Amino acid sequence: MASITLNNLSKHFDKTQVLKNINIEMLEGEFVVLVGPSGCGKSTLLRSIAGLEQISGGDIFIGETKVNELAPKDRDISMVFQSYALYPHMSVERNMGFSLEVQKVPKAQIKKIVSEVAESLGLSQLLDRKPKALSGGQRQRVAMGRAIVRHPKAFLFDEPLSNLDAQLRVQMRLEIKALHQRLKSTIVYVTHDQVEAMTLADRIVVLNAGVIQQVGPPLEIYDRPANLFVAGFMGSPSMNFINTQVIMDRGQLCLQTTSGDKLPLVHQYQNLQVGMHISCGIRPEHVSILDSGFGHLQGRVNALEPTGISEQIYCDYQGENLCIYSMQRSGCKENQAIALQLDVHKLHLFSEQTGLRLQQLPDAIAEYKVVSGE
Amino acid sequence: MNTAVVAIKSQKKIDFQRVLEPYLYLSPALIIIALIIITPTIVGFSYAFQSIELLNPFNGGWVGLAHFKAMFADRYFFSALGNTLDWTLISLFFQFFLGLGLALLLNRRFSGRKLVQALVFLPWAVPTFLSGLTWAWLFNPIIGILPHWMSSVGLLSEPYNILSDPQLAMYGPIVANVWFGIPFFAITLLAALQSVPSDLYEAAAIDGASPWQVFVKITLPFLAPMIAITVMLRTIWIANFADLIIVMTSGGPANSTQTLPSYIFTTAYRRLDFGYASAMAVMLLVLLLFYTAILLKMRSKLAKA
Ligand SMILES: Nc1ncnc2c1ncn2[C@@H]1O[C@H](COP(=O)(O)OP(=O)(O)OP(=O)(O)O)[C@@H](O)[C@H]1O
Ligand SMILES: [Mg+2]
């Protein structure tokens with residue numbers, strides 16, 4: 001077990017800069033998930049830690065050791081590839097024991113270690129098979145087994161579940177979580193699956209275009225996204241944004257939409273000034289449909305997506321598509337005019353100019369507690 | 001009742017069609033193969049049991065196994081057989097290992113790699129006749145430089161033509177053949193090397209395998225099927241390959257470079273004894289078939305293991 005520290009890490013291929021000034025400190029035993037859109041540099045970051053890519057600047061520490069110049073094998077890490085990269089000509093047993101085999105560990109000892117790990121992953125029956133005779137989920141487990149056998153300082157996973165079907169993915173997700181709790185090892189895990197990120201991570205690192213957008217525990221990232229990108233990227237269905245301006249209305253600060261609707265601000269925010277242009281974010285689950293009255297906004301239903309357990313309603317407001325997520329069945333029809341109520345305690349304010357979040361002031365949080373306690 | 005009978009009949013018709021149809025589509029290829037491969041083979045076989053000497057045209061007709069009996073009493077036949085073995089094994093050994101080494105070098109990334117690849121494959125494109133002549137000249141101390149080099153590094157006591165030394169003559173065509181055959185192995189093995197998925201090498205790098213372990217435990221198993229098939233093909237090819245020998249030494253001096261194919265060639269086109277030449281050709285075919293059968297058996301056993 002060891003911590004992993006990245007200091008000002010940067011990487012470019014020829015002229016294209018893929019990673020810019022990456023600074024992360026991953027604690028010992030921490031489960032860190034890297035998320036970001038396709039091509040943002042997640043794999044490159046992971047491969048840099050593994051030593052499969054030469055970095056262009058900065059430092060990588062594993063534990064106390066600076067590993068910039070160390071070969072992959074000397075970094076004492078294991079990697080699970082998206083393609084699994086199992087050796088096709090070797091049995092499951094040899095695949096799993098390969099790292100020990102090349103270190104010339106005695107055969108009997110390899111057999112013992114491999115069979116223990118295989119037992120814990122439910123692979124005992126499959127040890128004699130070749131990878132091509134395994135199902136996707138079994139291959140995935142062999143790849144994990146191969147990583148575990150080495151007893152590395154840290155595990156690196158690159159989208160290990162993306163080749164599996166939805167059901168198997170849920171199962172393997174739980175197994176990986178159990179594995180982490182059992183081994184208490186440092187894990188860096190790349191995914192672009194929201195749910196995987198939220199459920200597995202101790203901390204999430206959101207990357208975009210090679211730049212870290214936010215680092216934090218899953219719920220903090222969900223509840224307090226640091227900028228417009230994180231707010232839009234994390235969460236499914238994703239957050240709604242409404243263009244507004246700050247106004248003073250009868251002694252109360254309000255956000256006024258372009259069509260003149262007003263959203264009262266019940267909290268205090270840092271750096272908020274009258275006249276500022278604000279992109280106001282609200283998560284779909286914090287918008288509800290009123291049976292009567294006018295609500296905050298009035299929209300028109302574009303499309304309905306019932307999933308059984310819930311319903312997503314897309315409606316048009318000021319030419320923008322607003323999503324409403326509801327556990328109740330609304331019974332709305334397409335083209336129906338509806339009144340929308342926003343939970344004004346859950347507004348996210350972003351400066352349109354910088355894209356950054358306006359932080360809610362602490363006393364406002366206290367007030368919020370009083371309000372919600374009513 | 002009636003309809004059932006009709007159904008059975010038409011069923012039979014359909015079966016018949018189904019069996020016949022593929023052969024109809026194949027027939028152009030089958031006819032060509034029959035004309036240009038099977039017919040000459042059968043004619044050649046039949047020559048092996050006849051007396052066909054152009055210098056002795058009235059002595060024709062079937063002679064049974066007489067040619068084969070003569071072959072077992074023929075001292076030159078056995079010396080040619082031994083030479084064929086030397087020629088094939090030594091050429092194959094160096095062609096294979098040098099070709100493999102070259103393929104491994106060309107599989108690395110370096111600037112100008114495309115150009116080097118193209119140059120390396122050049123010997124393959126030179127007509128054998130031309131390369132045979134060139135090598136013969138290179139070994140000639142009057143116009144060639146090789147004998148002088150060999151004597152200065154102490155391989156030869158003085159610069160003379162090894163092609164005229166019965167002890168060493170065989171190495172002349174072998175060197176030419178190795179030079180000529182390396183590109184074949186380099187091309188095929190390079191193609192096989194490039195088909196190994198790169199993430200396996202990355203996985204092995206993380207698993208801590210040394211370069212030698214990576215080569216033995218990952219690269220070689222991937223190359224094995226290709227190695228088996230190319231070695232088999234090349235053995236047959238080299239064993240049958242007489243052009244370089246004919247051009248460089250004509251089997252001499254004193255038959256010291258006579259291999260079976262060159263002996264067959266000389267028998268047929270210098271002594272004009274087609275019957276005996278065909279009999280030896282049949283013998284060579286049988287030996288090569290035997291070798292191929294053994295190799296294929298070994299391969300299927302290896303594949304199972
Ligand atoms: N060998 C390379 N040479 C040049 N550019 C590369 C190379 N490898 C990756 N890139 C570029 O670096 C960027 C980041 O790639 P990377 O594979 O890290 O993305 P990713 O976040 O893992 O994406 P995905 O989610 O699709 O796997 C991409 O724009 C890609 O085109
Ligand atoms: Mg990737």
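Estimated translational diffusion coefficient (Stokes-Einstein, Kirkwood radius over Cα pairs, 4 °C, 1.567 mPa s) of segment A:208-290: 90 µm² per second. The mean number of Cβ atoms from other chains found within 10 Å of a Cβ in peptide A:66-76 is 2, as a whole number. In the protein assembly as shown, a dipole from Cβ-located charges (positive for Lys and Arg, negative for Asp and Glu) runs towards its positive end, and of B:Trp179, A:Val287, B:Phe72 it is B:Phe72 whose Cα lies farthest in that direction.
For GluC sites (Glu not before Pro), the sites in segment A:290-339 that DSSP calls loop and that have at most 12 other Cβ atoms within 10 Å are A:Glu334. Using the Cα centre of the protein assembly as shown as the reference point, and only Cβ charges (+1 on K/R, -1 on D/E), how large is the resulting charge dipole? Debye, rounded to the nearest 20. In debye, rounded to 20, the protein assembly as shown gives about 2040. Under the membrane-span-like helix rule (DSSP H runs whose alpha carbons stretch at least 27 Å along the helix axis, mean Kyte-Doolittle hydropathy 0.5 or higher), chain B yields B:2-33, B:75-106, B:171-194, B:220-240, B:274-304. Averaging the sequence gap over all C-alpha pairs within less than 8 Å and six or more residues apart, then dividing by the number of residues, gives segment A:64-207 a relative contact order of 30 percent.
When Rg and the Kirkwood Rh are both derived from Cα coordinates, the Rg/Rh ratio for chain B amounts to 1.10. Within the assembled protein chains, the solvent-accessible surface assigned to A:His345 is about 50 Å², based on a 1.4 Å probe. Once you divide the Cα radius of gyration of the protein assembly as shown by 2.2 N^0.38 Å, the number left is 1.49. Across chain A, Cα-Cα distances exceeding 41 Å account for 27% of all pairs. Where the centre of each part is set by its Cα atoms, how far does segment B:63-86 sit from segment A:147-222, in angstrom? Taking the Cα centre of segment A:147-222 as reference, the centre of segment B:63-86 is 73 Å away.
Placing unit charges on the Cβ atoms only, positive for Lys and Arg and negative for Asp and Glu, gives chain A a dipole magnitude near 1460 debye about its Cα centre. Annotation: lysines with alpha-carbon distance below 27 angstrom to A:Lys153 (same-chain offsets under eight excluded): A:Lys11, A:Lys20, A:Lys42, A:Lys66, A:Lys73, A:Lys104, A:Lys107, A:Lys111, A:Lys112, A:Lys177, A:Lys184, B:Lys217. Pop the C-beta distance of B:Gln17 and B:Ser250 into the FRET formula with R0 = 45 Å and round what comes out to the nearest 0.05. Step by step, r from the Cβ atoms, then E = 0.20.
Ranking of B:Trp137, B:Trp124 by solvent-accessible surface, largest first: B:Trp137, B:Trp124 (1.4 Å probe, protein heavy atoms only, all chains present). Largest first, the residues A:Glu64, B:Glu202, B:Glu158 sort by 1.4 Å accessible area into A:Glu64, B:Glu158, B:Glu202. Using the Cβ-Cβ distance between A:Ser135 and A:Asp59 with R0 = 45 Å, the FRET efficiency computed as 1/(1 + (r/R0)^6) comes to roughly 0.65.
Based on DSSP H segments of at least four residues, each scored -39500 (n - 2.57), chain A has a per-residue ellipticity at 222 nm of -8000 deg cm²/dmol. Among the trypsin sites (Lys or Arg not before Pro) found in segment B:40-117, those both in a DSSP coil and sparsely packed, with 16 or fewer other Cβ atoms within 10 Å of their Cβ, are B:Arg108, B:Arg109. Shown are A:Arg129, A:Arg169, whose ranking by accessible area with a 1.4 Å probe and every protein chain present, most to least, is A:Arg129, A:Arg169. Among the residues of A:127-136, the average count of other protein chain beta-carbon atoms within 10 Å of the residue beta-carbon is 0. Placing unit charges on the Cβ atoms only, positive for Lys and Arg and negative for Asp and Glu, gives segment A:251-351 a dipole magnitude near 160 debye about its Cα centre. Only aspartates and glutamates eight or more places from A:Lys130 in sequence, or on another chain, were considered; those with a Cα closer than 16 Å are A:Glu93. Take each peptide in B:246-256, B:12-22, count the other Cβ atoms within 10 Å of every residue, and average; sorted highest first, the result is B:246-256, B:12-22. Only helices enter the 222 nm calculation for chain B: every DSSP H run of n ≥ 4 contributes -39,500 (n - 2.57), and dividing by all residues gives -23000 deg cm²/dmol, rounded to 500. Under the combined filter of DSSP loop state and at most 11 neighbouring Cβ atoms within 10 Å, segment A:232-311 retains these chymotrypsin sites (Phe, Trp or Tyr not before Pro): A:Phe294. Distance between the pseudo-spin-label points of B:Leu130 and A:Asn8 (7 Å out from Cα toward the beta carbon): 6.0 nm.
Of the residues A:Pro152, B:Gln17, B:Leu284, the one whose Cα sits farthest toward the positive end of the charge dipole of the protein assembly as shown, with +1 on the Cβ of Lys and Arg and -1 on the Cβ of Asp and Glu, is B:Leu284.
Taking 7 Å steps out from each Cα toward its Cβ at A:Ile247 and B:Ala303 produces label points 8.0 nm apart. Full extension of the chain between A:Asp343 and A:Lys15 yields a length gain of 113.4 nm, computed as 0.36 nm times the residue separation minus the alpha carbon distance. The distance between label points at A:Lys184 and A:Gln256 comes to 5.9 nm (points 7 Å beyond Cα on the Cα→Cβ vector). Shown is the FRET efficiency for B:Ile229 and B:Phe290, computed with R0 = 25 Å from the Cβ-Cβ distance and rounded to the nearest 0.05: 0.90.
The values are calculated or read from the model by the stated rules, or taken from the named source; none is laboratory data. Owing to the predicted nature of the structure, the values given are computational and were not obtained by experimental measurement. A quick note on method: Cβ atoms are made from the backbone with ideal geometry, for glycine too, and the neighbour counts reach across all protein chains shown. Each accessible area value is taken on the protein alone, full model and side chains, heavy atoms only, with ligands, DNA and RNA left out. Shrake-Rupley method; radii C 1.70, N 1.55, O 1.52, S 1.80 Å.
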